[in-house]
Amino acid sequence: MCLIVFAWRPGHALPLIVAANRDEFYARPTQALAAWEDAPGVHAGRDLEAGGTWLGVGPQGRFAALTNIRDPGRPLGPRSRGELVAAYLQGELGVEAYLDQVASRSKQYSGFNLLVGDGVRLGYLHARDAAPRLLAAGVYGLSNAGLDTPWPKLVKARDGLERLLDSADPQRLMALLADGETAPEAELPETGVGVATEKLLSSVFIASQNYGTRASTVLIVDDQGARRLVERSFGPFGGHLGEVELWI
């Protein structure tokens, strides 16, 4: 998952709104959003290579999502980051206890940002800081650096979400996630992957022959705990593969 923008507003009629794009190599086998037969109450897509997920919901109002930290100079961790989301959705630890546990073993994973919530609290962990925190009400963005690092696509998507808060319709949020405009070269971050790749990765929606946005996901949670999940799947060059909608 490479871009998540979300509104966290405890006490509001829609306390959690999430719009997220998962970017990955098209060749990596993936299962679309569905109920997990081996984990009652969990609804998420699934990475069929390592078994984890990038975003999903679970019992008792659980929500979790993940982005990678782009840092090509660091060695890869031995464990799959997707298991961090899956373990929270299937587990029983509270938000703070779970993030504390993950922080204590974060070096086992390549760099990541992790969000976990239970409908009452929403917590965040940046693997390089290893200092979890609970988030105050607000509108936030995560890409492949830290929370609210002002990369052009993050700022654009977060601002777009702010404009849609009073009309949180899944189709409008999907349109926000479908923006393929790349950033001007002068505004690109420098993360060690070269200008051409920085340019490719600078759009909200990424499309190329081998790598790009595999899934766009919208989650809307109301004040009764009802959750609406919509996911669109994509193949090479952004070809549309299907759409799933769940009410949970």
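The values are calculated or read from the model by the stated rules, or taken from the named source; none is laboratory data. It should be emphasised that the depicted structure is a prediction, and the values quoted were computed from it without experimental measurement. Cβ atoms come from the backbone with ideal geometry, glycine included; neighbour counts cover every protein chain shown. Each accessible area value is taken on the protein alone, full model and side chains, heavy atoms only, with ligands, DNA and RNA left out. Shrake-Rupley method; radii C 1.70, N 1.55, O 1.52, S 1.80 Å.
Taking θ as phi - 60°, what are the ³J(HN,Hα) couplings along region 165-171 by the Karplus curve (6.51, -1.76, 1.60), each to the nearest whole Hz, with x for Gly and Pro?
4, 7, 9, 6, 9, x, 5
List the relative contact order of region 2-247 as a percent without decimals, with contacts defined as Cα pairs under 8 Å and 6+ residues apart.
Details: 567 pairs, mean separation 55.1, N = 246.
It rounds to 22 percent for region 2-247.
Expressed as a whole percentage, what fraction of the accessible surface of region 2-247 belongs to carbon and sulfur atoms when a 1.4 Å probe is rolled over the protein heavy atoms? Numbers along the way, then the final one.
Details: 5520 of 10800 Å².
Heavy-atom surface of region 2-247 belonging to carbon and sulfur, 1.4 Å probe: 51 percent.
Over region 77-184, what is the mean sequence separation of C-alpha contacts under 8 Å (at least six apart), divided by residue count, expressed as relative contact order in percent? Show your work: numbers first, answer last.
Values: 118 pairs, mean separation 18.9, N = 108.
This gives 18 percent for region 77-184.
If packing is taken as the average number of other Cβ atoms within 10 Å across a peptide's residues, how do 37-50, 207-220 rank, most packed first?
Working: 37-50: 16.5, 207-220: 20.3.
Most protected by this proxy first, the peptides run 207-220, 37-50.
Is region 53-109 best put as rounded, prolate or oblate by its Cα gyration tensor, with a ≥ b ≥ c the root eigenvalues, rounded for a/c under 1.5, and otherwise prolate when a/b is larger than b/c, oblate when not?
Working: a/c = 2.61, a/b = 1.74, b/c = 1.50.
Note, shape of region 53-109 comes out prolate.
Given points 7 Å out from each Cα along the Cα-Cβ axis, report the Q209 to H240 separation in nanometres with one decimal.
2.6
Where the centroid of each part is defined by its Cα atoms, how far is region 202-248 from region 112-191 in Å?
Centre-to-centre (Cα) distance: 15 Å.
Using θ = phi - 60° and the Karplus form 6.51 cos²θ - 1.76 cosθ + 1.60, what ³J(HN,Hα) does each residue of region 28-39 get, whole Hz, x for Gly and Pro?
6, x, 9, 9, 5, 3, 6, 5, 8, 5, 8, 8
Which lysines, if any, have their Cα less than 24 Å from the Cα of K199, not counting same-chain residues under 8 positions apart?
Correct list for K199: K153, K156.
Does region 85-148 come out rounded, prolate or oblate, given a ≥ b ≥ c as the square roots of the eigenvalues of its C-alpha gyration tensor, rounded meaning a/c under 1.5 and, failing that, prolate meaning a/b above b/c?
It comes out oblate by the Cα gyration axes.
In sequence order, what are the phi-derived ³J(HN,Hα) couplings for region 48-60 according to the Karplus relation 6.51 cos²θ - 1.76 cosθ + 1.60 with θ = phi - 60°, rounded to whole Hz, with x for glycine and proline?
7, 7, 10, x, x, 8, 10, 6, x, 10, x, x, 6
Considering Cα pairs under 8 angstrom that are at least six residues apart, work out the relative contact order of region 125-246 and quote it in whole percent. Walk me through the numbers before you get to the answer.
Details: 165 pairs, mean separation 19.0, N = 122.
It comes to 16 percent, rounded to a whole number.
Let me spell out the model: positive unit charges on the Cβ of Lys and Arg, negative unit charges on the Cβ of Asp and Glu, origin at the Cα centre of the chain. What dipole size does that give, in debye rounded to 20?
Details: 24 positive and 29 negative charges, 69 e Å.
Around 340 debye, computed over the chain.
Using only C-alpha atoms and all pairs of different ones, pull out the Kirkwood radius for region 2-247 in Å with one decimal. Let's see the in-between values first.
Values: mean 1/r = 0.0559 Å⁻¹.
The answer is 17.9 Å.
With runs of 4+ DSSP H residues as the only contributors, calculate the mean residue ellipticity of the chain at 222 nm using -39,500 (n - 2.57) per run, divided by the residue total and rounded to the nearest 500. Don't skip to the answer; put the middle values down first.
On the way: 5 runs with 46 residues, N = 248.
So the helix-based figure for the chain works out to -5500 deg cm²/dmol.
Apply the a/c threshold of 1.5 to the C-alpha gyration tensor of region 1-121 and tell me whether it is rounded, prolate or oblate.
Cα axes put region 1-121 in the rounded bin.
Send over a whole-number figure in Å² for the accessible area per residue of the chain, probe 1.4 Å. Intermediate values should be presented prior to the final figure.
Working: 10880 Å² over 248 residues.
Solvent-accessible surface per residue comes out at 44 Å².
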